[in-house]
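Enquirer: Following this message is one structure expressed as structure tokens.
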Amino acid sequence: MKRFLPWIIGAVVIFGIYSFVKGINNTAVTLNQTVEQSWGDVQTAYQRRNDLIGNLVNTVKGAAEFEKGTLTAVIEARAKATQVTVDPANITPEQLAEFNKAQSGVSSSLSRLLVTVEQYPDLKANANFLKLQDELASTENQILTARTRFNEAVKPYNTHIKTFPNTLFAGMFGFKEKAYFNAVEGADKPVEVKF
């Protein structure tokens with residue numbers, strides 16, 4: 001029996017190390033999938049907004065003639081926002097900043113459009129426009145919620161791969177830190193409304 005004792009101890013140690021490393025990897029994979037799902041939810045919320053913008057623009061076009069520059073800005077901002085893509089497996093702060101910048105352009109253009117519309121009482125009373133305004137407000141809330149949940153999903157993932165001893169193995173398995181959504185530059189200042 002004494003002859004097999006070193007083999008048994010060795011097998012137990014190897015199995016323990018295997019289980020430990022497997023646990024680190026599997027937890028990181030699970031948390032990474034949660035981050036990717038949350039990113040999909042963010043993209044879905046932004047896609048909903050982009051889809052609604054077309055309807056809003058058509059409603060506004062049909063109900064009032066106003067500054068073409070404002071309408072053009074909304075259409076161009078939407079086009080730019082749909083061109084920026086982010087790979088959820090390799091979200092970097094730079095990619096997130098570019099995505100954020102494109103989406104803030106849409107928000108800014110929509111704000112100008114909605115302020116311009118305030119000058120047209122007939123359009124404000126239009127049931128279709130009011131419905132679309134409500135949908136846009138709801139969508140902006142969904143975007144906020146999706147972004148918040150994304151950050152909530154990133155935190156445990158980053159914590160898991162950055163804590164010791166997980167950090168030793170996370171890099172070997174290809175797990176990298178994910179970026180958080182941050183406010184766009186200038187978001188801390190009040191929006192300037194001009195008539």
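Enquirer: Might you let me know whether the range 146-165 holds any residue that is modelled with pLDDT under 85, touching a helix residue (DSSP H, G or I) at 6+ places or on another chain (Cβ under 6 Å) and closer than 28 Å to residue 92 by Cα?
Expert: No: the range 146-165 contains no residue that is modelled with pLDDT under 85, touching a helix residue (DSSP H, G or I) at 6+ places or on another chain (Cβ under 6 Å) and closer than 28 Å to residue 92 by Cα.
Enquirer: Yes or no: the range 46-61 includes at least one residue that is in a loop (DSSP other than H, G, I, E, B), modelled with pLDDT under 75 and open to solvent by 40 Å² or more (accessible area, probe 1.4 Å).
Expert: Within the range 46-61 (the criterion being in a loop (DSSP other than H, G, I, E, B), modelled with pLDDT under 75 and open to solvent by 40 Å² or more (accessible area, probe 1.4 Å)), the answer is no, since none of the residues qualifies.
Enquirer: Scan the range 90-103 for residues that are exposed (fewer than 12 other Cβ atoms within 10 Å of the Cβ) and modelled with pLDDT under 75 and report the count.
Expert: 1
Enquirer: Something else now. Restricting the first residue to the range 172-193 and requiring it to be at positive phi and in a loop (DSSP other than H, G, I, E, B), which pairs with a second residue that is surrounded by 14 or more Cβ atoms within 10 Å (Cβ to Cβ) and at pLDDT 60 or above meet a Cβ separation below 9 Å and a spacing of at least six or different chains?
Expert: Taking only residues 6 or more apart or on different chains, the pairs are 186/104.
Enquirer: Please tell me if residue 177 is among the acidic types (Asp, Glu) and at pLDDT 70 or above.
Expert: Yes.
Enquirer: Same structure, new question: Any residue at all in the range 112-132 that is modelled with pLDDT of 80 or more, hydrophobic (A, V, I, L, M, F, W, C) and open to solvent by 50 Å² or more (accessible area, probe 1.4 Å)?
Expert: no
The values are calculated or read from the model by the stated rules, or taken from the named source; none is laboratory data. As the structure is a computational prediction, the values presented were derived from the model and not from experiment. Glycine also receives a Cβ, built like all others from the backbone with ideal geometry; neighbour counts cover every protein chain displayed. SASA here: full protein model, heavy atoms, side chains in, ligands and nucleic acids out. Shrake-Rupley method; radii C 1.70, N 1.55, O 1.52, S 1.80 Å.
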